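Peer 1: Pasting a structure below so you can have a look.
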Amino acid sequence: MGTPSGRSTAGRIGVHLAVLFFVAVWTIPTLGILVSSLRDKDQIIASGWWSAFTGSAQTEAGRLAPASAQQEKDGKFVIAGNLFETPGEREVTAFGTRVQAPSDYEAGSVAELKDGVTLQVNADGSYVLASPKAFEGDRGQRVYYAVTAPPRFTTENYETVLFSEGIGRSFINSLTVTVPATIIPIMVAAFAAYALAWMRFPGRALIIAVIIGLLVVPLQMALIPLLQLYNGVGAFFGVPSKTYLGIWLAHTGFGLPFAIYLLRSYMAGLPRELMESARMDGASDFEIFIKIVLPLSLPVLASFAIFQFLWVWNDLLVAMVFLGSGADQLVLTGKLNALLGSRGGDWEILTTSAFVTIIVPLIVFFSLQRYFVRGLLAGSVKGG
Amino acid sequence: MAAQILSAIIVIIVGVGGCVAYFWGANKVLDLIFPSRGVKGEKAIDNLRKQAMIRPWLFIGPAMLVLVVYLIYPVIQTVYLSFHDRSGENFVGLSNYAWAFGDREFRSSILNNLLWLLVVPAACTFFGLIIAVLTDRIWWGAIAKSLIFLPLAISFVGASVIWKFIYEYRDAGQTQIGVLNAIVQALGGNPQFWISLPFWNNFFLMVILIWIQTGFAMVILSAALRGIPEETIEAAVIDGASPFQIFWKIMVPQIWGTIAVVWTTITILVLKVFDIVLTMTNGQWNSQVLANLMFDWMFRGGGDFGRGATIAVIIMLAVLPIMIWNIRQANRETGGH
């Protein structure tokens with residue numbers, strides 16, 4: 001663009017800052033679930049994900065060793081030990097003996113308890129409880145302490161959701177739905193698009209108009225009659241009405257207007273001389289299509305394939321209507337929706353599952369962004 | 001599971017093979033019935049003419065069949081069902097429509113949908129335009145655009161989980177793990193259960209769609225901005241126009257057509273918004289919208305097809321002006337072809 005990019009330095013810096021702001025707002029939400037999905041599940045609820053790299057602080061309660069562990073030393077009775085089962089991982093910052101004031105004393109200091117009893121808790125968790133009189137009772141002294149845990153990252157959440165929460169199975173189901181539902185419409189649409197672009201027959205203009213009209217028909221208009229139809233067919237032949245075949249065909253139908261529209265406008269732009277010289281050489285329409293038009297249309301076929309793949313993979317509505325909710329048919333989006341209901345507060349499950357569902361679209365998107373953008377431009381600038 | 005994968009692979013092979021076999025076979029059969037080679041004179045010309053008449057329908061046939069079964073028939077049937085009772089058998093005239101406009105939940109859905117329609121397309125277009133203009137001026141603009149574009153690949157359900165985590169609420173005084181409440185608490189405010197605040201919760205749901213769709217608006221508008229002739233901008237610079245004047249008076253008027261396309265595309269999307277509301281609130285706390293209400297009636301109490309169809313028809317009526325405009329526009333463009 002020929003605009004003077006900010007006449008002053010201040011203006012230029014302003015542009016950089018503004019873009020940085022937008023980029024931050026648009027990426028931080030996704031970053032949040034990525035970071036959370038890799039965190040330890042106790043840390044997720046203890047601190048915000050943005051503090052994942054600085055360690056998290058939390059208050060815990062514990063008991064010191066019971067009176068039976070006491071030893072007499074220099075006329076005093078002493079109980080010594082460590083609060084942590086595995087010392088060295090975490091650090092005590094403060095401690096106390098009352099729940100109302102769990103961090104009364106700094107780590108390393110000596111707390112004066114009643115009857116001359118003293119307690120010292122060090123940062124590494126080791127403690128010394130000392131008393132002029134012998135300790136009694138078989139339950140140890142209660143203590144509260146604030147600990148900071150170093151950041152702990154783990155792939156445990158991924159193992160959990162993939163193998164015991166059913167996300168792995170849903171991943172396979174999603175692939176089962178998506179791949180055929182992407183490939184089938186391409187073939188059907190390509191032939192129709194060629195006919196609409198390069199063959200002359202009565203009613204062609206009307207068919208094009210109908211397809212452009214169908215582009216914007218809300219999916220909601222099709223759901224109830226198709227549900228009835230599927231139930232009817234299922235009952236008539238005594239087969240289940242919710243099948244993979246059913247959803248493949250449904251996605252084919254819903255994707256077809258856009259496919260035909262996109263491919264037709266691309267094919268119509270191919271040079272006319274190419275077709276005519278081939279026809280002079282005696283090639284039939286079938287041969288022209290297979291040998292000339294199809295190879296030339298590969299970029300636009302790729303664009304449509306990406307669109308259809310993303311649309312089917314990300315779809316929830318069609319899957320909820322035409323597939324069952326059993327483990328053998330629940331796709332990722334449906335599974336995630338079910339988890340939101342049943343595991344509402346378990347963020348380690350939700351963030352990890354969400355990341356598993358979005359990883360495939362993100363890979364497709366990043367590796368094929370060029371075709372995606374091209375299709376977006378071709379598909380919307382003309383039609384909408 | 002293995003059987004399922006196997007059946008998917010078989011379907012791909014059978015489906016693709018079937019398509020190829022159909023198109024190739026139909027073409028061969030046509031050649032056999034009306035041979036153009038090996039016959040002479042009038043007969044050959046006649047056969048060629050017949051082939052040219054039939055072949056387009058062989059090419060377009062499968063697509064037509066699928067479109068009729070999966071879109072055209074259902075649209076007609078939905079309109080028919082909207083005049084019938086819950087089982088779809090007894091004609092009830094306009095009483096479904098009368099019910100709809102008397103129903104509190106339906107009216108609240110309409111109002112919420114209107115709110116969505118006012119805010120989301122405007123916000124997406126506005127942010128998309130600003131980002132497109134700004135990123136064109138800096139060296140790392142392509143990376144920035146690609147990152148802002150990224151949410152477009154994320155499903156609505158995935159995006160809902162992402163934003164639910166941002167809106168996560170804990171009681172005041174506790175450590176907040178949701179970004180929004182953490183910021184509010186750090187600034188001295190009271191944490192809120194955002195998605196349950198009537199009226200305002202609509203906006204918290206809209207943010208999700210805006211977050212997803214801004215990238216779309218940005219890409220389309222960015223391409224349109226690049227198409228603006230440089231001379232017009234250079235002339236304005238020579239005349240001493242400020243950057244803001246150049247933006248509003250030179251650039252924006254030249255891309256009105258594209259802005260309209262972006263706006264209408266997002267408008268259609270907004271009318272169909274379903275996943276976000278279902279997963280975030282399922283219509284609770286007065287956040288219901290038409291598409292989710294329709295889904296609800298499809299299955300509520302065994303399913304009321306009459307009322308569900310009625311709500312679908314009302315969504316369709318809202319799309320209709322855009323559809324007609326599109327068809328007229330396309331006819332004008334393809335008229336010469």
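The values are calculated or read from the model by the stated rules, or taken from the named source; none is laboratory data. Here the structure is a predicted model, which is why all the values come from computation and not from measurement. Quick reminder, even Gly has a Cβ in these numbers, built from the backbone with ideal geometry, and neighbours come from all protein chains shown.
Peer 1: Against the definition (out of contact with any strand residue (DSSP E or B) (no Cβ under 9 Å at 6 or more places or on another chain), in the same structural domain as A:Phe254 (by TED's automatic domain parsing), at pLDDT below 90 and in a helix (DSSP H, G or I)), how does A:Phe372 come out, yes or no? Explain how you work it out, then say what you get.
Peer 2: Values: out of contact with any strand residue (DSSP E or B) (no Cβ under 9 Å at 6 or more places or on another chain): yes; in the same structural domain as A:Phe254 (by TED's automatic domain parsing): yes; at pLDDT below 90: yes; in a helix (DSSP H, G or I): yes.
Judged against the criteria, A:Phe372 is a match.
Peer 1: Also: How about segment A:57-174: which strands (runs of 3 or more DSSP E) wholly inside it have at least 1 residues that are without any contact (Cβ under 8 Å) to a residue 24 or more places away in the chain and farther than 24 Å from A:Arg39 by Cα?
Peer 2: A:71-73, A:110-112, A:118-121
Peer 1: Additional query: In the list A:Ala190, A:Ala209, A:Ala205, A:Ala197, which residue meets the criterion of being surrounded by fewer than 20 Cβ atoms within 10 Å (Cβ to Cβ), hydrophobic (A, V, I, L, M, F, W, C) and more than 7 Å from chain B (Cβ to nearest Cβ)? Quick ask: steps written out before the conclusion?
Peer 2: Details: A:Ala190 fails: surrounded by fewer than 20 Cβ atoms within 10 Å (Cβ to Cβ); A:Ala209 fails: more than 7 Å from chain B (Cβ to nearest Cβ); A:Ala197 fails: surrounded by fewer than 20 Cβ atoms within 10 Å (Cβ to Cβ).
The match here is A:Ala205.
Peer 1: Okay, next question. Which of the residues spanning segment A:322-344 are among the aliphatic types (A, V, I, L, M) and in a helix (DSSP H, G or I)?
Peer 2: A:Leu332, A:Leu336, A:Ala338, A:Leu339, A:Leu340
Peer 1: Could you tell me whether B:Ile314 is at pLDDT 90 or above, more than 22 Å from B:Ile208 (Cα to Cα), more than 7 Å from chain A (Cβ to nearest Cβ) and buried (at least 19 other Cβ atoms within 10 Å of the Cβ)?
Peer 2: yes
Peer 1: Within segment B:44-78, can you find the residues that are surrounded by 13 or more Cβ atoms within 10 Å (Cβ to Cβ), over 26 Å from A:Ala222 (Cβ atoms), more than 7 Å from chain A (Cβ to nearest Cβ) and of a type outside the set (A, V, I, L, M)?
Peer 2: The answer is B:Asp46, B:Asn47, B:Lys50, B:Gln51.
Peer 1: Of the residues that sit in segment B:276-285 and are in contact (Cβ under 8 Å) with a residue 40 or more places away in the chain and crowded, with 18+ Cβ neighbours inside 10 Å, which one is farthest from the other protein chains (Cβ to nearest Cβ)? Explain how you work it out, then say what you get.
Peer 2: Taking segment B:276-285 first, the residues in contact (Cβ under 8 Å) with a residue 40 or more places away in the chain are B:276-277, B:279-281, B:283-285.
Narrowing the set further to residues that are crowded, with 18+ Cβ neighbours inside 10 Å leaves B:276-277, B:279-281, B:283.
Numbers: B:Ile276: 10, B:Val277: 11, B:Thr279: 5, B:Met280: 9, B:Thr281: 11, B:Gly283: 14 Å.
Taking the candidates together, the pick is B:Gly283.
Peer 1: Additional query: With the requirement that a residue be among the small types (Gly, Ala, Ser) and either touching a Gly at 6+ places or on another chain (Cβ under 9 Å) or in a helix (DSSP H, G or I) (or both), what does segment B:58-108 give you?
Peer 2: B:Gly61, B:Ala63, B:Ser82, B:Ser87, B:Gly88, B:Ser95, B:Ala98, B:Ala100, B:Gly102, B:Ser108
Peer 1: Hey, any hits in segment A:11-19 for a residue that's part of a helix (DSSP H, G or I), at pLDDT below 85 and farther than 24 Å from B:Tyr167 by Cβ?
Peer 2: Checking segment A:11-19: at least one residue is part of a helix (DSSP H, G or I), at pLDDT below 85 and farther than 24 Å from B:Tyr167 by Cβ.
Peer 1: Consider segment A:247-259. How many of its residues are at the interface with chain B (Cβ under 9 Å from one of its Cβ atoms) and either surrounded by fewer than 24 Cβ atoms within 10 Å (Cβ to Cβ) or in contact with a Leu (Cβ under 7 Å, 6 or more places away or on another chain) (or both)?
Peer 2: So the count comes out to 6.
Peer 1: In segment B:187-200, is there at least one residue being within 27 Å of A:Gly11 (Cβ to Cβ) and either at the interface with chain A (Cβ under 8 Å from one of its Cβ atoms) or at pLDDT 90 or above (or both)? Outline the logic, then answer.
Peer 2: We begin by selecting, within segment B:187-200, every residue within 27 Å of A:Gly11 (Cβ to Cβ); these are none.
Scanning segment B:187-200, I find no residue that is within 27 Å of A:Gly11 (Cβ to Cβ) and either at the interface with chain A (Cβ under 8 Å from one of its Cβ atoms) or at pLDDT 90 or above (or both), so the answer is no.
Peer 1: Provide a single number: the residues in segment B:244-275 that are outside any helix (DSSP H, G or I), more than 7 Å from chain A (Cβ to nearest Cβ) and under 14 Å from B:Ala291 (Cβ atoms). Quick ask: steps written out before the conclusion?
Peer 2: First, pick out the residues of segment B:244-275 that are outside any helix (DSSP H, G or I): B:255, B:272-274.
Going one step further and asking which of them are more than 7 Å from chain A (Cβ to nearest Cβ), we end up with B:255, B:273.
Still in the list and also under 14 Å from B:Ala291 (Cβ atoms): B:273.
Summing the residues that are outside any helix (DSSP H, G or I), more than 7 Å from chain A (Cβ to nearest Cβ) and under 14 Å from B:Ala291 (Cβ atoms) in segment B:244-275 gives 1.
To keep it simple, each residue is scored yes or no on (1) more than 9 Å from chain B (Cβ to nearest Cβ); (2) more than 17 Å from the chain's Cα centre (by Cα).
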site	(1), (2)
A:Trp313	no, no
A:Met320	no, yes
A:Leu330	yes, no
A:Leu336	no, no
A:Ile349	yes, no
A:Phe355	no, no
A:Ile358	no, no
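Every residue, every condition in (1) over 30 Å from B:Pro243 (Cβ atoms); (2) part of a helix (DSSP H, G or I); (3) out of contact with any Leu (no Cβ under 9 Å at 6 or more places or on another chain), yes or no:
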site: B:Leu129; (1), (2), (3): no, yes, no
site: B:Leu147; (1), (2), (3): no, yes, yes
site: B:Val157; (1), (2), (3): yes, yes, no
site: B:Asn190; (1), (2), (3): yes, no, yes
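Peer 1: Can you tell me which residue is nearest to A:Leu34 (Cα to Cα) among those in segment B:162-180 that are in contact (Cβ under 8 Å) with a residue 24 or more places away in the chain and more than 7 Å from chain A (Cβ to nearest Cβ)?
Peer 2: B:Lys164
Peer 1: Please work out if B:Gln288 is more than 9 Å from chain A (Cβ to nearest Cβ), under 23 Å from B:Trp99 (Cβ atoms), part of a loop (DSSP other than H, G, I, E, B) and at pLDDT below 90.
Peer 2: Answer is no for this residue.
Peer 1: Working only within segment B:175-188, note down all residues that are part of a loop (DSSP other than H, G, I, E, B) and of a type outside the set (Val, Ile, Thr).
Peer 2: The answer is B:Gln176, B:Gly178, B:Leu187, B:Gly188.
Peer 1: Another question about this same structure. Go through segment B:151-161 and count every residue that is among the aliphatic types (A, V, I, L, M) and either more than 7 Å from every other protein chain (Cβ to nearest Cβ) or in contact with a His (Cβ under 8 Å, 6 or more places away or on another chain) (or both).
Peer 2: 2
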